[in-house]
Amino acid sequence: MHLKDFVSIRDFTPQQIRHFLHIATQLKARPSDYHAALQGKTLAMIFEKPSLRTRVSFDVGIEQLGGHPLYLSPDEISLGKRESVHDVAKNLERMVHAIMIRTFEHQIVVDMARYASIPVINGLTDYSHPCQAMADYLTMLEVKGRIAGLKVAYIGDGNNVARSLMFAGAQLGADVWIASPPGYEPDQEAIVWARKRGPETDASLTITHDPEMAAFAADVVYTDVWTSMGQESETELRKRIFAPYQVTWHLFTRAKPDAIFLHCLPAHRGDEVTDEVIDSARSFVFAQAENRLHAQKAILMELMQGAYREREAAREPLLELVR
Ligand code: CP
Ligand code: NVA
């Protein structure tokens with residue numbers, strides 16, 4: 001498949017999303033088969049927000065494929081302040097083979113992908129977190145043996161993680177339920193997109209304010225922090241508003257007896273989830289974190305191998321002149 005960027009789950013067909021998951025399972029099963037897949041390639045990683053999982057999984061992932069990571073910290077680039085997004089893209093495309101970026105405004109990633117001739121991967125924006133969703137569904141596939149028809153109940157803020165979860169659910173045939181306090185639901189445009197894609201894959205999306213209804217008979221119960229990076233000034237207000245949406249053992253037992261608990265992490269224990277749930281035998285949060293590595297290796301390989309072939313082909317006439 002030819003794909004330059006990984007900016008949104010929405011940019012792909014259901015077949016392409018399944019293909020990424022398929023490659024991820026191959027990479028996870030036989031990592032040594034792919035140890036030189038991206039030999040000599042460099043991945044620039046731009047971080048404008050903190051990270052543990054994204055930083056480590058991309059860093060280790062590109063190394064495991066034979067390439068090199070280049071970490072660029074928030075103070076180093078000052079995207080849009082020290083230098084425009086356009087100019088950063090045009091510089092990096094001359095020296096590295098792909099860019100992973102974690103930033104605030106989603107438009108920055110969209111612009112970076114438009115300006116750069118090399119692959120650009122969304123490592124989280126205020127709007128979405130597509131790499132996370134790939135790891136989420138990879139985990140469901142492993143633990144539940146299927147994705148189609150699963151009831152996935154997300155309880156909490158209708159944020160970046162919730163949007164990507166519902167987009168990927170629509171692509172993969174899941175029945176996604178989102179339970180958020182009034183005013184904190186995912187935006188209407190995102191809901192409309194997921195519901196439009198749904199009939200193609202037999203997926204559905206239900207938005208409710210009732211966490212018990214969402215959790216009822218669910219296969220997967222998922223939550224995320226109530227206050228995302230960049231919203232710190234709202235922390236106290238959000239704690240009050242989201243209190244009825246805490247995933248407690250009582251709420252979790254509304255789900256099927258074999259339901260699993262997922263969380264993208266970092267978790268704020270005692271806020272969105274209790275220790276009892278996140279530390280239970282049915283919590284797969286660390287397997288889910290590990291799957292960031294496998295899912296992203298699949299993304300890196302699919303995007304970078306394709307881009308490399310094209311770039312080499314474009315360079316050939318110049319090599320002729322030198323000879
Ligand atoms: N889930 C996730 O993206 O974690 P980090 O913020 O630590 O990268
Ligand atoms: N919604 C959270 C996810 C962190 C991985 C945030 O944006 O901070």
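Bear in mind that the values in this text are calculations on the coordinates, not laboratory data. Please read these numbers as outputs of a predicted model, since none were measured by experiment. Glycine also receives a Cβ, built like all others from the backbone with ideal geometry; neighbour counts cover every protein chain displayed.
Taking only the C-alpha atoms of segment 1-152, Rg followed by Dmax gives 15.8, 48 Å.
Radius of gyration over Kirkwood radius for the chain, both on Cα atoms: the Rg/Rh ratio is 0.98. In segment 1-159, taking the dipole from charged Cβ atoms about the Cα centre, the farthest positive-side position among I17, P50, M95 is held by I17. Between the listed residues P186, V176, G158, the Cα displaced farthest toward the positive end of the dipole of segment 155-199, a dipole computed from Cβ unit charges relative to the Cα centre, is found at V176. Rounded to the nearest 500, the helix-only mean residue ellipticity at 222 nm of the chain stands at -14500 deg cm²/dmol, with each DSSP H run of n ≥ 4 adding -39,500 (n - 2.57). Taking a ≥ b ≥ c as the square roots of the Cα gyration tensor eigenvalues, with a/c under 1.5 meaning rounded and otherwise prolate when a/b beats b/c, else oblate, which class fits segment 87-156? Prolate is the answer for segment 87-156, as a/c is 1.5 or above and a/b outweighs b/c.
Could you work out the equivalent-ellipsoid semi-axes for segment 233-281, taking the square root of 5 times each eigenvalue of the Cα gyration tensor, largest first, in whole Å? Walk me through the numbers on the way to the answer.
On the way: eigenvalues 95, 29, 13 Å².
Over the Cα atoms of segment 233-281, the semi-axes work out to 22, 12, 8 Å.
The mean sequence distance of close C-alpha pairs (under 8 Å, at least 6 residues apart), as a share of the length of segment 156-306, puts its relative contact order at 21 percent. Given +1 at the Cβ of Lys and Arg, -1 at the Cβ of Asp and Glu and no other charges, the dipole of the chain around its Cα centre is 700 debye to the nearest 20.
3J(HN,Hα) along segment 157-171, derived from phi through the Karplus expression 6.51 cos²θ - 1.76 cosθ + 1.60 where θ = phi - 60°, amounts to 6, x, 9, 3, 5, 4, 4, 5, 4, 6, 5, 5, x, 5, 6 Hz, with x in place of Gly and Pro.
So what is the relative contact order of the chain, in percent, for Cα pairs below 8 Å that sit 6 or more residues apart?
Values: 631 pairs, mean separation 65.1, N = 323.
Relative CO of the chain lands at 20 percent.
Considering only A148, H35, A133, the residue lying farthest towards the positive end of the dipole of segment 10-148 is A148, judged by Cα position with unit charges set on Cβ. The HN-Hα couplings worked out from phi for segment 95-107 by the Karplus form 6.51 cos²θ - 1.76 cosθ + 1.60 (θ = phi - 60°) are 10, 10, 9, 6, 10, 10, 9, 10, 8, 8, 5, 4, 4 Hz, whole numbers, x standing for Gly and Pro.
Using a simple spin-label model with pseudo-atoms 7 Å out from Cα toward Cβ, T208 and F286 lie 3.2 nm apart.
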